[in-house]
Each structure stands twice: as structure tokens, then as C-alpha cells.
Amino acid sequence: MRILIVGNGGREHALLWKLRRDAPGALFFATRPNGGMAPHCGSVPIEPTDIEALSGWAASQRIDLTVVGPEAPLAAGIVDRFQAKGLPVFGPTRQAARIEASKAYAKDLMRGAGVPTAEYRTFRDRDAARSWVRERGAPIVIKASGLAAGKGAMVCPTVEEAEAALDSMLGDLTFGEAGREVVVEEFMQGEELSLFALTDGARALLLLPSQDHKRVGEGDTGPNTGGMGAYAPVGIATSAVLEEARTRIFAPTLKALSDDGAPFRGLLYAGLMLTSGGLRVVEFNCRFGDPETQAVLPLMESSLLELLGAVAEGGSLAGRSARWKQGAAVSTVVASAGYPGSYEKGKEIRFEPGLESADVTVFHAGTRVENGRLVTSGGRVLAVTGTGATFQDAGERSRAGAAGVSFEGAFHRRDIGWRERERRGGT
Ligand code: AMP
Ligand code: GLY
């Protein structure tokens, strides 16, 4: 079997790691693989968004399954193109990917389907947006409607900050086309939860619930990042909460997409908030989360490949399920000094001997091999996932592993999973 992974971050390394376990005899390829992926796959020197070139390459190489990691190629229609060439591909079509690529579309879809989410209005006109912000008052949330690499949401504690955010998005076009339309929404309070569902257009097969840590600093302080760590499973995601997600969020959303002529087959990621009024959607993504995938997949005991393959081949998930290891996983991101602001690249990376084991896995993100040396090439450099029978064991292994990674300017949060630890009374 020949499998192509599109993308080269931590999420894609975790996908490669899991799929290799599921199919040890398969041949793998990835687009410009990072330093951790490269030893295990062929390198395809094509950009993920260069859909014409990639689909041509996959056809000529008789690729049996393509798994798309990032949202940009999905939003650009990579799946439509592969399907048109008869190539099995895992991911939603361009129309279905709008659930992430257009927040305005996602919000309207949720409103139409009665899916609980923050109250909102969409605007293209700055004065109209400003006047609604003044009417609603703060705190309030301003979001670029289009794809903004995870940076398009601004939680504004004051009306002045919200007005400044509107000026920058609608006036100065700081997010370019992505910010030409904005969603202004109610500020919600509660704990966040990431829930991934594999979907065949109608059914949702939930993966283990996880929680991201978006702020750069310990105690969830400082600016937002792409995610400084994650853990799974999450105590607040009780079976009742998961049932609520299934019936009140995934089922009506999948039905609405299908009714809209855009059935969603792929991985639907619901960013949820558990508010005093129940579960509500913060956002949908049309792909696996990063770094949550690095915590979720190490706990998956059954085959991911079988499920992705079934969806990619146009099959159904009816009667299928996933099996999980008992215990927990904690994944700690090691980042470059300065991140999420500007940072230097090209720093040599070293690992303490014996760092990886059956319970400790390193997933690379911003790394590459340069003249035989492993060096940094991004802000989030890698993630160290620890697994264990208990949440505490997993956390200790992850933190010890992260401390065993060194390069100039390396830093990591030592408190990934702190909410879970508090819930468990410190254990
Ligand atoms: P998003 O890009 O939509 O995931 O938003 C990024 C982060 O902003 C979320 O993970 C939340 O922490 C926060 N956020 C987004 N929308 C809201 C909201 N309506 N109320 C409170 N926080 C929000
Ligand atoms: N962890 C956030 C995301 O993948 O969008």
C-alpha cells in the first residue's frame, strides 16, 4: 500500500506514526517531511496547496490513500481534485471545508440547524460593526471570517479594543481577504474541549476528547499560540457531555451540511465550550487538531488506517468503532525563544539519551535535517507525548521528556493538563 500524507507539522508526524503502526508494510510519502518524519517516508517536493501538481504526482505514483493534514489545501479543493482523478483521499470537499474556511458560513449553518453557539452578527462594513459592538458592550469577540492560521480570533475585554480590532481587520485589512468579512460574537465563559469526529457524511465516530493550551505562558497567560500542549482524555467530557455533543452538535451539523449539498466526509473537529448553559460551539475545523492529535493518537489501540480508508473510499462508518488504551496522554510542545512572535531558526537540536520509550514519543513539527544535523525550522519545534496508566504518570513523562530536549532558546510549559490535575486534586 502507498500512502501520501499532505503536510509536515506535528499533527502530520503523529498521523504518520500511527499509520505506520497500523500498516507496517506500507510505503509512505509526505510533502517536504520534517526532520522526524523524513527517515520514515519519501519526500514529495510539492506545496500542499499546489493541488494540480500533487494530484498529478499521486496519480503517477499510484497512491492508494492520501490523508490531508492542514486546512489550506482542503479549503482550496484538494479533495475534489483527487476525487476527480479517482484517487482515494481522506478529507472534506471544498464546499464542506467551508465550515472552517468561512466562519460566517459556519455560524449561519449552526443558526439554521439550532446548534448551540455564541450569538453573532457578520459584517463587511466597519461603521455597522462598530455600532453593533457599542450596542452589545464588552467583553466581545471579533473574528476574521476567513482562514487566518489560527490568529483570526480576538477576545476583546473593552469596546475600545474591539473597535481597534475592527479597524485593523476591516480598515487596514491586516488579515487580508480573510478579514474582509468579520464575525462579531458574544463572549462565552467556560472550559474548552476539543472533540474530533470521523464522519462519513451522516455518522460521527467520536475520538477521545482532548484539551489544547493556546496561551504561551504557564497558567494560561500571555499571547495565543498554535497550541503549547494538549492532553487526553478530559474529565469534563463525561458520557453525558459526549452524548450531548453527538445529538445536539454533530448530528444536526452533519445533517445541515448534507442538506446544503456539502456532506462532510473527513475529520470534523468541534472546538467546544462547556458553559453554565450547556455545551456550545466555539468553532469548527475541517481537519485534525494540532497539538491535540499528538495526544489522542498514541492512545488509539485499533486501526486508524481502516477508518480513514473506509471514509476515503466512499464507504460507511456504520458498525465501526475505535478502541482506546486505558490511561492518559499528555503532550508538551517545545518552542523557540520568542514564539509566538519572531524567533530564530537553524538551532541544533539534541536529545537526552533514552528519551523516547514505549511511553514517550517525540513528534517533530518545526525541524529539518541540514548537513546531517537536526535543526529548528519553526516556532513550535516538537512535542513530547507521555502516556501512562494515570494522568500523573503521563504528565511526568511528558515533562521529563520535554526537559530532555535542548537547543538554544528552547522553552516549554511545565503545566500542560493543569485543569485536569486540579480536578483530580493534584494527582
Ligand atoms: P478560534 O480561532 O475561533 O478557535 O478562537 C480562538 C480562541 O479564542 C478559542 O479557543 C477561545 O479560547 C477564544 N474564543 C473564541 N471565541 C470565543 C467566544 N465567543 N467566547 C469566548 N472565547 C472565545
Ligand atoms: N489546536 C487548535 C487547532 O488545531 O486549530
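The values are calculated or read from the model by the stated rules, or taken from the named source; none is laboratory data. This is a predicted model, so every value here is computed, not measured. In this analysis, Cβ positions are derived from the backbone assuming ideal geometry, glycine residues included, and neighbour counts consider all displayed protein chains. For accessibility, only protein heavy atoms count, side chains too; no ligands or nucleic acids. Shrake-Rupley method; radii C 1.70, N 1.55, O 1.52, S 1.80 Å.
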Over the range 379-393, the set of residues over 13 Å from residue 17 (Cβ atoms), in contact (Cβ under 8 Å) with a residue 60 or more places away in the chain and either touching a Lys or Arg at 6+ places or on another chain (Cβ under 8 Å) or not β-branched (Val, Ile, Thr) (or both) is 379, 380, 388, 389, 391, 393
By residue number, the members of the range 64-76 that are open to solvent by 10 Å² or more (accessible area, probe 1.4 Å) and either basic (Lys, Arg) or assigned to a loop (DSSP other than H, G, I, E, B) (or both) are 64, 70, 76
Restricting the range 205-240 to residues that are touching a residue at least 40 places away in the same chain (Cβ under 8 Å) and more than 19 Å from the chain's Cα centre (by Cα), the one farthest from ligand 1 (Cβ to nearest atom) turns out to be 235
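For (1) of a type in the set (Gly, Ala, Ser); (2) within 16 Å of ligand 1 (Cβ to nearest atom); (3) closer than 16 Å to residue 331 by Cβ; (4) under 16 Å from the mean Cα position of the chain (by Cα), each residue gets a yes or a no:
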site	(1), (2), (3), (4)
180	no, no, no, no
184	no, yes, no, no
191	no, yes, no, no
194	yes, yes, yes, yes
200	no, no, no, no
244	no, no, no, no
Residue hits (the range 269-279; touching an Asp or Glu at 6+ places or on another chain (Cβ under 9 Å) and either of a type in the set (Asp, Glu) or more than 11 Å from ligand 1 (Cβ to nearest atom) (or both)) are 274, 278, 279
Restricting attention to the range 145-192, the residues that are closer than 19 Å to residue 98 by Cα, open to solvent by 30 Å² or more (accessible area, probe 1.4 Å) and either within 16 Å of ligand 2 (Cβ to nearest atom) or not in a helix (DSSP H, G or I) (or both) number exactly 8
Out of (1) open to solvent by less than 60 Å² (accessible area, probe 1.4 Å); (2) away from ligand 2 (no atom under 16 Å from the Cβ); (3) small (Gly, Ala, Ser); (4) out of contact with any Pro (no Cβ under 6 Å at 6 or more places or on another chain), the one residue 113 does not meet is (4)
Exception for residue 282 within (1) within 14 Å of ligand 1 (Cβ to nearest atom); (2) open to solvent by less than 20 Å² (accessible area, probe 1.4 Å) falls at (2)
Filtering the range 122-140 down to residues that are within 18 Å of residue 180 (Cβ to Cβ) and out of contact with any helix residue (DSSP H, G or I) (no Cβ under 6 Å at 6 or more places or on another chain) yields 124, 125, 127, 128, 132
Reported set for the range 1-29 where residues are within 16 Å of ligand 2 (Cβ to nearest atom), over 19 Å from residue 53 (Cβ atoms) and open to solvent by 10 Å² or more (accessible area, probe 1.4 Å) is 9, 11, 13
Reported set for the range 257-273 where residues are touching a residue at least 40 places away in the same chain (Cβ under 8 Å), open to solvent by 20 Å² or more (accessible area, probe 1.4 Å) and more than 19 Å from the chain's Cα centre (by Cα) is 258, 260, 261, 263
Residue hits (the range 1-44; assigned to a strand (DSSP E or B), closer than 20 Å to residue 362 by Cα and of a type in the set (A, V, I, L, M)) are 5, 6, 30
For the range 270-327, the count of residues that are under 23 Å from residue 238 (Cα atoms), within 12 Å of ligand 2 (Cβ to nearest atom) and assigned to a loop (DSSP other than H, G, I, E, B) equals 4
Residue pairs within 6 Å by beta carbon, gap of at least six or interchain, first lying in the range 129-156 and under 14 Å from residue 284 (Cα atoms), second open to solvent by less than 20 Å² (accessible area, probe 1.4 Å) and part of a strand (DSSP E or B), listed first then second, are 143/183; 145/183; 152/143; 152/144; 153/143
